[in-house]
Structure formats: C-alpha cells, structure tokens
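One structure is given here, and the rest of the page talks about it.
The values are calculated or read from the model by the stated rules, or taken from the named source; none is laboratory data. What you are looking at is a predicted structure, and each value in this text was computed from that prediction instead of being measured. Because the Cβ atoms are built from the backbone with ideal geometry, glycine has one as well, and the counts that use them run over all protein chains shown. All accessible areas refer to the heavy atoms of the entire protein, side chains included, with ligands and DNA or RNA removed. Shrake-Rupley method; radii C 1.70, N 1.55, O 1.52, S 1.80 Å.
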Amino acid sequence: MKAGVIVFPGSNCDRDVMVALEQATGRPPAAIWHRETVLPDLDLVVLPGGFSYGDYLRAGAMAAQSPIMRAVVAHAEAGRHVLGICNGFQIAIEAGLLPGALLRNAGLHFVCRDVWLRVENAATPFTRGYRGGDVIRVPVAHHDGNYFADPETLARLRGEGRVAFRYCAADGDAGERANPNGSADDIAGILNERGNVLGLMPHPERLADPALGGTDGRPMFTALVESFA
Amino acid sequence: MKARVHITLKDGVLDPQGKAIGHALGNLGFDGVNGVRQGKVIELDLAATDRGAAEGQVEQMCRRLLANTVIENYKIELID
Amino acid sequence: MKARVHITLKDGVLDPQGKAIGHALGNLGFDGVNGVRQGKVIELDLAATDRGAAEGQVEQMCRRLLANTVIENYKIELID
Amino acid sequence: MTADIAITPQIVAEHGLSESEYDRVLEIMGREPNLLELGIFSVMWSEHCSYKSSKKWLKTLPTEAPWVICGPGENAGVVDLGDGQAAIFKMESHNHPSFIEPYQGAATGVGGILRDVFTMGARPIANMNALRFGSPAHPKTRHLVAGVVAGIGGYGNCVGVPTVGGECNFHPAYDGNILVNAMTVGLADSSRIFYSAAAGVGNPVIYVGSKTGRDGIHGATMASAEFDDDSEEKRPTVQVGDPFTEKLLIEACLELMATDAIVAIQDMGAAGLTSSSFEMASKGEVGIELDLDRVPVREDGMTPYEMMLSESQERMLMVLRPGAEDTARAIFEKWELDFAVIGRVTDSGRMVLRFGGAVVGDLPVAPLADAAPEYDRPHEAAPVPARLDPAATPASDDLGEALVRLLGTPDLASKRWIWEQYDHMVGADTIGRPGGDAALVRLHGTRKALAITTDCTPRYCQADARTGGAQAVAETWRNITATGARPLAITDCMNFGNPERPEIMAQFVGAIAGMGEACRALDYPVVSGNVSLYNETNGKAILPTPAIGGIGLIADCDKAVSIAFPAEGLDVLLIGD
Ligand SMILES: Nc1ncnc2c1ncn2[C@@H]1O[C@H](COP(=O)(O)OP(=O)(O)O)[C@@H](O)[C@H]1O
C-alpha cells in the first residue's frame, strides 16, 4: 500500500499515524506538506489528528481550505481512499468529504480516555480486519467530537450502512454513559457514500502497539494493507 | 471600512455551549432563563472603501471560511 | 424578553483566533484585510418582562459568569 | 519620549525598587536613569528574575553527578541518558497570573516552561502539573480548578505534548493564593545542546515568533509582590497564550537547530526582551545593540519601555552565525512566524537601545546582571511542633468506613477528572498513563523510557520544613523506583510566602536543607528549579510548598511495572519500615 499523511501546521498526531502505517506496510509513508498542490500516486491519504491552525475558527475549518485539500478531494472523487482521524475527521467534514458537523463535546470538556467501539460495518477496506459487532478499545482525545447531522442525513447513514463505528459499553451495549461526547446516535465514525472515505474521532493509531496497552487499533492498518496488496 | 459578521447556529442544531451556560446560570441562582444560545461575531477591518465591493468580499469570506452553512447562519453588517 | 450580550476582547489583549482567521483569509487570497477580531454573542431568553429588572439581572450574569472581565468587555442589548 | 519623564521617588517605588536598590542604580549608571532604564532595572532586580532572597540558599543544593550535563543556571537542566540522548527538564510556577485569570494564567505557564525546554534543543515529550487549591468549600475554588485544568489542557493538547501526570491538593491556606506549577521534559541529542551565552562580535541578534504587544507589562514585578484585596480590581494585564503559534515555534526552532546557524538562543519569558537580551549578553560577557524600530509589534505607537517590558508570549531571541540569516528566515517564513534582525553583538559590554534614530537606553550589562541585589534575609524557625502521640489518636472502630472516608477526601480522591482533560497519549509513547506512581514515557523509537513524577506534601513541610523538604525528594525517588526506573535528577519549584518575614524565610531555608540532605543521600542532584515567593494574601501565607519534579530512566520499557495487581493469587509483599 502506498500511503501518505498530510501535515498541516498544528497537526500533532502525524508522526503517530506514520508509525502505525510503517508498522503495517514495512515502509515509511509519504509526509505531504499542506502547501503542496499535487499528491504523489497514493492508495491511501491520511488526514491526521491534532489542532490544525489551532482549530481557532471551527475545528478543521482552516485546514479544509489549505492548498493540498483540493488534491485530496480529487483523490477521493477518483475513488481512492481517505482516512480522517480526529482532527482529520473534522477536516474531512469541513472539506465536504463527509456529511454533518462536529460540535463541541456535550460535556464541554476535552476528553482523553479509552472508549469502546462497536464495529458496525466490517465490509470496508478500513474495517475488514474486524468482524461486524466486534467491540474494540481505542482512545479518544478531543474537544469537538460531538457528531451532528440532520435527521434525514442520520437516517441515510443508518440505512446505507455508513455508520462504521458506534460508541458502546465494554459489553457492546449502547448507552449514554458510553458516549463520551454526546454524538448523535452514538456515532464515532462514518463513511462517505462510496465507502472510500472514513472519518472517525477515536485514534486507532494510539493502540496499535502492545507497549501502549493494547492493539485493537492495529487491524485497521493491516486491513488497509491487505486491501491494496 | 469595517464589517461585522454575526454567526449563529441554525435552529435545530444542538448548542452545547448555550445549554451549559443556561445550566450554570441556574446553578448560580438566576432563574427565569428559558433558553441560551451562543454565537460568534467576527469583526473585519477592510481596506475596501466601496460598500458593494466590501459586501461582496465578505459574503465570499463567509461562504468559504467564516461560517459552516451546514450548521450556521451568518449575517453581514457594514460599518461606515 | 430577550437579551443579547456582546463580548469582545479588551483592546491590546492578544486575539489568537482573530489573528489566525486573518492569516487564513490572506492565504485564501482575500487581500486588504487589515485586522480581524473575534467576539462572542450570548442570546438569553428571559422570563422577566420588566426592562429595568432584566437589565440588572443580565448585568449580574455578565459579571459573575458570562464575561471574563479581566480580558473582556461586554455590552448588553435588550430586545422588546 | 520616555527620557523626558522625571524619576521621582514615587516612580522608583512603583517600580518595586527600595531606596538602597535605587542608590545602587545611580552608582552603576553614574547618572540618573531614564524611565526605560529604570524599568529595566526594576524587572532585572525583581525577586522573580534576580532570586535575590533565595540565591544564597539555592547555592547549597547538590547539583552535580557524572550524568549531569548542565545544572542550574541555564534555561533548564540537562542529564545524560546514554546512547547520545539527553533529557532536558524544568518546573516553573505561574501562581499569581493563574489566580487572576485561571485559564490564561495556567495556559501561559505551560507555554513558558515548554519554551525553556525547547530553547535548549529538546523536543518536549511530556508535561506535568503540580496544583494546589484552596478549600473545596471556598466559593472561588471550583472556578479556579475548572479554569486552571482547562487552561493546562487547552495549551498542552494543542501543542501536542502529552500531559502525563501531576498532583493536586486542597487546603484553606491556598484560598487566596493557588499554586500552578508546570513541568516539561524534553529529549535532545546530547551533543547538540543549545545555550544562551551570546558570542561573536558583529553577529546578528534575531527576534522570532509572535509580535510584541502591550501584554503583561510589569507582570514580572507583579509576580514578586504580595496580593492585597485591591489586586483583583487593578486587573493587571494578563497575557493570552497562543498554543498554535507555540507549536509552530517548536517545529521552526528544532528545524533551525538541525543546521549550524545558531550561536545562542534564549526564550523571552517573564520580562521578555529585557531579561532575554541581558542574560544572553551577560553570560557571553559581551554587549548588545538593539534597534527597537525593527521589533515586530502588534499595536501602533508602542514605546521602547513597552517593547522592552512586554511579556507577550511565544517569542525567542537568538544570536546567529554571520550569514545565517537567510537560512533562518526561510525556515521561519515556512512556519509563518515573524522573523526580524533586531540588533547585533558588540564588544562594549553595554546594552545600547536605539529607537527613532536616537539612543534611548544605555546600560552596562555586567553590573546590572551580576551585581543584582542578594539578601541574607533573617530567618527564625518556628518551634518544632511536639511529636504526636499515636496513643492519643483513637483508632476508628469501623475501619471500612474510615477507608471510605479517606478515599473520599479531595486530596486522596482519584484525579481522573483532571487528567482526562489532558491529552496524555499524544505522541504514542505514553506507556505509563496517569494514575500510577510515576508516568512512563518511552523515548521514541527505543526501548528506553523516562519515569516522571512530581511530589510534595505541604502539611509535612508546615510541621517541619526540613523533614518535609527531604520527604518530598524521597517521595519522588520512591515513585520513580516503584515503576522499575533508576532515579536520575530533580527540578524544583519553591513556593513560599513573604521572605521578608523571618518565619517564612526559615521555612525556605529549612526546606532547602532537607532537600539537600535527601539529594546527597540519594545521589540525586538538583539540575533546575524555580522560586515563587510572596504567595500570601493579607499576611496569610500558603503552606510551604517545595514541589519536586523527578525523572528516572528505565532501559527496557517491557520491564516497567505499574501499580495494578496484574493477576489473582499473587503474593503481596510489604517492604520498608
Ligand atoms: N494535576 C494532575 N494532573 C495530572 N495527573 C494528576 C494530577 N493530579 C494527580 N494526578 C495523577 O493522579 C495520580 C495520583 O496522584 P497523587 O495522589 O499525587 O499520587 P501519589 O501521592 O501516589 O504520588 C498520579 O498518577 C498523578 O499523576
């Protein structure tokens, strides 16, 4: 798999995801500066976590307007793959790659802890390393992860199998207490219509190494590698 | 010329900050607060001197960056 | 009665948000933006019907919660 | 122009200089200073910058060991980690600003300590925070806790440095003076440590980072003055932090540090351009000429006085090799930061400030920096309290209930609410998360890890400063060893009341003595630190709080242990007395 990670000013999980990608592919992914206007030939573009441009206006808003994002949108339109993690999810939404919006967490605090996710759609190149219904443990770390969409959009996401992950309790049950940010329908990650763009708030790259206390994030990267083998 | 852009959340969009403020006001003993919404104001100091040109420019800024029209409405006010 | 509270940063206080917005507008090719400041608006829906009472109540709210008077100024506007 | 304002005794007093200190100013200058020059003396000789009450005692601490690369005196301490790696770390207080504006005060505290560490060439890899608040029942406490925690998170999360631990106590003695102590640990190449001594006559002096505004003018003098009931009304300008700019500054500085462009570098902390330029000149025993017209400013009409005393955040001063300006400029432009050549190194031994074509300030560097006042303040320990007799304290008849009560006390309760607001995992090297004895952060790409902890039990220090000081050091040692790491060195943050009161000074002297004893016994030197005095309101001082930050090294992170019982059926051992 040829992977590239976009580096925005203020990205701070770019290295973390590069490590996870390198672990899975055996070679370092390309780092692409936000001022570039063309992408190299890539199977996967990752929009990493962080605070691009300080997230000062709305999370992801300024990054979505940076020069490289035209190329990223074109890459997605050509059916190639884009993975947006945390701030990258916010950027993908602001760039129109995914529907809805990410509002301030319902509790208004930044929240950093492990959460449980239920894999809702295991039939995508991003998620085929899991089985549908699997419950995995992955950290979140964000201030604006409260997923919002109008009722029609939510209904479409549900109906089209585009909810990739939902927050849940350790036993897989839904429940308000398991939802760390107030997201509509406990949504933690969604796919675009074609299924080639995934955005999620949790950080699979942070639990992809046993030394960090878990490896539930790793199958996402290994599955992507297999998909592009 | 100065422009002021008022950005408010659309009706029906949850406003966690407004809700929290309402809650906090209640805790402080203020009653009779039926609802709270929070919005943003962005003040721009523009070199443009022509009203029409300035308005067009700010409209563009709102569409491209300042507001997210999925969740927000904006209103532009020009000052002299 | 509705009240609108406008909260702005005091002069001279750094406004990282405004600064970043100005920068981003420049990068998007909007020129002639000499300065950007960002503020907040809080809209309150009050049970009070008496202007004087409402004004006093909102003034208290500003002092105690809504504005951070160390770095912010506030202005209260009552609507009908 | 500032030069026109007559220097009256009142102006001198407003600048926090005593009569005898002002006499010294006249002696050094050989004439009356102008307002700008007076302002410079005032910040340079403030308690905060000059350590005038504490220096004598700090000198008694052990600071050396074979693994110490750089002890106190630079921006942060440096210890060798082997394999060409070094840890750079320090702890610093931001108490007064955090009481006035908890979010921004705490946030800029984090920003300041980060700069101290990356100035020396390290990439920051972990933040810690040691917090003390008033009684939970005090009406302000809730607001202060919420604001401080949000501010620390707001800054650290955005710059992408994990905040991996800390401590948090509550006591009524902090009702009017909270303590916000922040620590940063960074990782550097041990052959590429950057120091602050300016050198090379003719070399350019460079300003980088954010523009200078009118923020926090006189903040440094404020940090050294006692609070009274008016201080909330005076509303001193607090600085606002911009963590995004700090993140860019870290990346830009580290990128420039990978070249050979930098001769010396210093962050602009409290007292901004003044203390940074004087420190660089005095350490290098050179002069500096600054052209203040070239300082990037945020507002029109700023005076030299304001520029020299501004505490605007996210700024650095550097001396470059001749001809390196273009390399440096290109890097700072890439990161969209301000960059300006504002002066040059001279051999005059003087700081010469020009503005609008005229010399507006001209001061000798060495006397001002080195001849700063130093006091041996009287100290008289309060009598050592009688030992408590265990028999006099009745045991609880319901141990279960007692345990529940203990667990419910604010000091012992879980601090999860705090650390979950901090991104403690960014960087994907946090192998020991908050909640244990010491945090563990892996050195990226290796099997090695640093154990990091902050500790102090102020009530022990109140009972007996010497034992309390020793205990705080020993506790960090135990917390580090409990993870499997070997303790290396400490930093400290000495938070005390008004040193002009003999009983407070005695607490300080006692704590230092105890810390020194423990450090010597454990071969565990002090490599950096910070002193915050005058933590009192209306004559009521805080508990003596010598917060200690310790670091240790573990060679193989797979051998690290946590506090969790890993399985059922294992034996539980109790070691010690
Ligand atoms: N302000 C804080 N920020 C982050 N972590 C904290 C804070 N206060 C306490 N903690 C964490 O809570 C745990 C318990 O803290 P503490 O009670 O001070 O431990 P101990 O007394 O065992 O050293 C530690 O892991 C510590 O890092």
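For the reader, a short list of remarks on this structure follows.
- From the list A:Arg27, A:Arg35, the one residue that fits, being farther than 22 Å from A:Leu224 by Cβ and basic (Lys, Arg), is A:Arg35.
- Among the residues of the range D:165-186, those that are away from the ligand (no atom under 11 Å from the Cβ), surrounded by fewer than 24 Cβ atoms within 10 Å (Cβ to Cβ) and under 29 Å from D:Gly552 (Cβ atoms) comprise D:Phe170, D:His171.
- Odd one out for D:Val149, checked against (1) more than 14 Å from chain A (Cβ to nearest Cβ); (2) crowded, with 24+ Cβ neighbours inside 10 Å: (1)
- Taken over the range C:54-71, the criterion of being open to solvent by 60 Å² or more (accessible area, probe 1.4 Å) and either at the interface with chain B (Cβ under 7 Å from one of its Cβ atoms) or in contact with a Pro (Cβ under 7 Å, 6 or more places away or on another chain) (or both) is satisfied by C:Arg64, C:Leu65.
- Candidate set from the range D:128-139 (those that are out of contact with any His (no Cβ under 9 Å at 6 or more places or on another chain) and either within 14 Å of chain A (Cβ to nearest Cβ) or more than 30 Å from D:Phe244 (Cβ to Cβ) (or both)); member that is nearest to the ligand (Cβ to nearest atom): D:Pro136
- Residue count, the range D:426-458 (criterion: within 13 Å of the ligand (Cβ to nearest atom) and outside any loop (DSSP other than H, G, I, E, B)): 11
- Here D:Val117 clears all of (1) more than 23 Å from D:Gly514 (Cα to Cα); (2) away from the ligand (no atom under 16 Å from the Cβ); (3) open to solvent by 10 Å² or more (accessible area, probe 1.4 Å); (4) not small (Gly, Ala, Ser) except the condition numbered (3).
Residue-by-condition table, conditions (1) surrounded by fewer than 23 Cβ atoms within 10 Å (Cβ to Cβ); (2) of a type in the set (A, V, I, L, M):
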position	(1), (2)
A:Met1	yes, yes
A:Cys13	no, no
A:Ile32	yes, yes
A:Gly60	no, no
A:Arg80	yes, no
A:Leu102	no, yes
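- Residue match in the range D:482-496 (condition: open to solvent by less than 10 Å² (accessible area, probe 1.4 Å) and closer than 12 Å to D:Leu543 by Cβ): yes
- Filtered by the rule that a residue be more than 8 Å from chain C (Cβ to nearest Cβ) and not charged (D, E, K, R), the range B:36-53 gives B:Thr49, B:Gly52, B:Ala53.
- Scanning the range A:178-229 for residues that are open to solvent by 10 Å² or more (accessible area, probe 1.4 Å), away from chain D (no Cβ under 14 Å) and part of a helix (DSSP H, G or I) turns up A:Ala178, A:Ala184, A:Asp185, A:Asp186, A:Pro219, A:Thr222, A:Val225, A:Glu226, A:Ser227.
- The range D:463-517, residues that are touching an Asp or Glu at 6+ places or on another chain (Cβ under 8 Å), closer than 22 Å to D:Gly436 by Cβ and not β-branched (Val, Ile, Thr): D:Ala472, D:Glu475, D:Arg478, D:Asn479, D:Ala482, D:Cys493
- Among the residues listed as A:Leu98, A:Leu108, the single one being in contact with a strand residue (DSSP E or B) (Cβ under 8 Å, 6 or more places away or on another chain) and in a loop (DSSP other than H, G, I, E, B): A:Leu98
- Qualifying residue in the range C:17-39 (condition: under 21 Å from B:Asp11 (Cβ atoms), open to solvent by 40 Å² or more (accessible area, probe 1.4 Å), among the basic types (Lys, Arg) and touching a helix residue (DSSP H, G or I) at 6+ places or on another chain (Cβ under 9 Å)): no
- Subset of the range D:528-564 that is part of a loop (DSSP other than H, G, I, E, B) and surrounded by fewer than 17 Cβ atoms within 10 Å (Cβ to Cβ) - its residue that is farthest from the other protein chains (Cβ to nearest Cβ): D:Gly539
- Check on D:Ala65, at pLDDT 95 or above, surrounded by fewer than 19 Cβ atoms within 10 Å (Cβ to Cβ) and under 20 Å from D:Leu187 (Cβ atoms): yes
- Residue within the range D:395-413 that is within 14 Å of the ligand (Cβ to nearest atom), away from chain A (no Cβ under 13 Å), closer than 28 Å to D:Ala511 by Cα and not in a loop (DSSP other than H, G, I, E, B) present: yes
- Matching residues in the range D:114-139 - criterion: being more than 30 Å from D:Val527 (Cβ to Cβ) and in contact with a helix residue (DSSP H, G or I) (Cβ under 9 Å, 6 or more places away or on another chain): D:Gly134, D:Ser135, D:Pro136, D:Ala137, D:His138
- Restricting the range D:187-217 to residues that are assigned to a loop (DSSP other than H, G, I, E, B) and either within 14 Å of chain C (Cβ to nearest Cβ) or within 16 Å of the ligand (Cβ to nearest atom) (or both) leaves a set whose member that is nearest to the chain's Cα centre (by Cα) is D:Gly216.
Quick grid of which residues meet (1) touching a Leu at 6+ places or on another chain (Cβ under 9 Å); (2) among the basic types (Lys, Arg):
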{"site": "B:Gly35", "(1), (2)": "yes, no"}
{"site": "B:Gly39", "(1), (2)": "yes, no"}
{"site": "B:Glu43", "(1), (2)": "no, no"}
{"site": "B:Arg51", "(1), (2)": "yes, yes"}
{"site": "B:Ala54", "(1), (2)": "yes, no"}
{"site": "B:Val58", "(1), (2)": "yes, no"}
{"site": "B:Cys62", "(1), (2)": "no, no"}
{"site": "B:Ala67", "(1), (2)": "no, no"}
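- Failed item in (1) within 19 Å of D:Cys253 (Cβ to Cβ); (2) within 16 Å of the ligand (Cβ to nearest atom); (3) assigned to a helix (DSSP H, G or I); (4) of a type outside the set (A, V, I, L, M, F, W, C), with D:Gly153 passing the rest: (1)
- Restricting attention to the range B:21-35, the residues that are more than 8 Å from every other protein chain (Cβ to nearest Cβ) and touching a residue at least 12 places away in the same chain (Cβ under 8 Å) add up to 1.
- Only one of D:Gly484, D:Gly468 that is within 16 Å of the ligand (Cβ to nearest atom) and at positive phi: D:Gly484
- Residues that are in contact with a Gly (Cβ under 7 Å, 6 or more places away or on another chain) and more than 14 Å from the ligand (Cβ to nearest atom) do occur in the range D:376-391, at least one of them.
- As a summary of the residue check, C:Ile7 satisfies the conditions (1) open to solvent by less than 10 Å² (accessible area, probe 1.4 Å); (2) modelled with pLDDT under 90 except for the one numbered (2).
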